[in-house]
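Student: One structure is given below, represented as structure tokens, and several questions about it will come after.
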């Protein structure tokens, strides 16, 4: 791979396994965005737009991946810290492979702090983080309506405490009832069921009132795809990732819908990235490619027929 940048070498390493295309875009494009939640909390995030040529010049087919940080972290852990210096960070790799990507500062983390507020996170905040993700999803829906992505092909990556947050939000998303805009139930416009895959890395069992396995038990019945990851040497994991894997029935059918990955590392969460790509990044990329990007979900207008 002489003459290639380190970033190109990493992507081509995955391509060498027959998983992904090796064509590189000139530079990473991203922008900082802000939304306000239903309870008036300011949420900041970084948006990496999907690239048209990575989606057969049809952005309305582009999948979206939302990346969440761990305890006392922020989106900067993804934007700057998910690779060694000089190598591509994980959001950039996802963008290169055709995904729209969003890295979020959950409330009271990073730049998502209310003016004049320095209160620590409390148990109720974890429940309220569902509103943070709903506000981000509203932003995604606006892009969907502009045909810049397909919101019905969404994955959430949670790490540590944000794993139960991600699972709880996905549960709420799947319990959304459609608009009552057609006498035929099958023709009604959906308001949820957009999260198709979850990647939970070094998952916490609970976050406040949220319980990871309780949400996973419901979601597994909806036939979502799951990847769970924890380092083999992670003494703090205490089998949480394996328990999540078992809660989803393990991989009984052998179809890759439920995956457990255990890289030979002692690190946790985002700190797993940038050390053993073939054991961390590549399995996640392969999973998202097969269980999200390649699934056939056509773009549909997500406004109620009453408002069209």
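Student: Give the percent of DSSP beta bridges with both residues in region 159-263 that are antiparallel, rounded to the nearest 5.
Tutor: In region 159-263, DSSP labels about 15 percent of beta bridges as antiparallel.
Student: Can you compute the helix-only [θ] at 222 nm over the chain? Use -39500 (n - 2.57) per DSSP H run of at least 4 residues, normalise by all residues, nearest 500 deg cm²/dmol. Display every interim value, and only then the final one.
Tutor: Numbers: 8 runs with 84 residues, N = 308.
Helix-only estimate at 222 nm: -8000 deg cm²/dmol.
Student: Just rank 290, 119, fewest to most, by other beta-carbon atoms within 10 angstrom.
Tutor: Working: 290 17, 119 9.
Listing 290, 119 from fewest to most nearby Cβ atoms yields 119, 290.
Student: By the gyration tensor of its Cα atoms, with a ≥ b ≥ c the square roots of the eigenvalues, what is the shape of region 80-211: rounded for a/c under 1.5, prolate for a/b over b/c, or oblate?
Tutor: oblate
Student: Hey, another quick one. How would you rank 307, 271, 194, going from fewest to most other Cβ atoms within 10 Å of each one's own Cβ? It would help to have the intermediate numbers written out before the result.
Tutor: Working: 307 9, 271 20, 194 23.
In order of increasing Cβ crowding within 10 Å: 307, 271, 194.
Student: For region 179-308, what does the relative contact order come out to in percent, with C-alpha contacts under 8 Å and a separation of six or more?
Tutor: Relative contact order, region 179-308: 27 percent.
Student: Output the Cα-based Rg and Dmax of region 161-252 in Å, rounding Rg to one decimal and Dmax to a whole number.
Tutor: 15.2, 55
Student: Okay, moving on. Size of the chain along its principal axes in angstrom, Cα-based, largest extent first?
Tutor: Between the extreme Cα coordinates on each principal axis of the chain lie 60, 49, 44 Å.
Student: Relative contact order (percent) for the chain, with alpha-carbon contacts under 8 angstrom and 6 or more residues of separation? If you can, show how the numbers build up before the last one.
Tutor: Numbers: 621 pairs, mean separation 53.4, N = 308.
Answer for the chain is 17 percent.
Student: Moving on to the next point. In the Gaussian network model of the chain, springs joining C-alpha atoms below 10 Å, which of 143, 216, 260 carries the largest mean-square fluctuation?
Tutor: Of the options given, 143 has the highest mean-square fluctuation.
We did not get these values from a lab; they are worked out from the coordinates using the rules stated. On a predicted model such as this, the values are computed, not experimentally measured, just so you know. Heads up, the Cβs are rebuilt from the backbone with ideal geometry, glycines too, and the neighbour counts pull from every protein chain shown.
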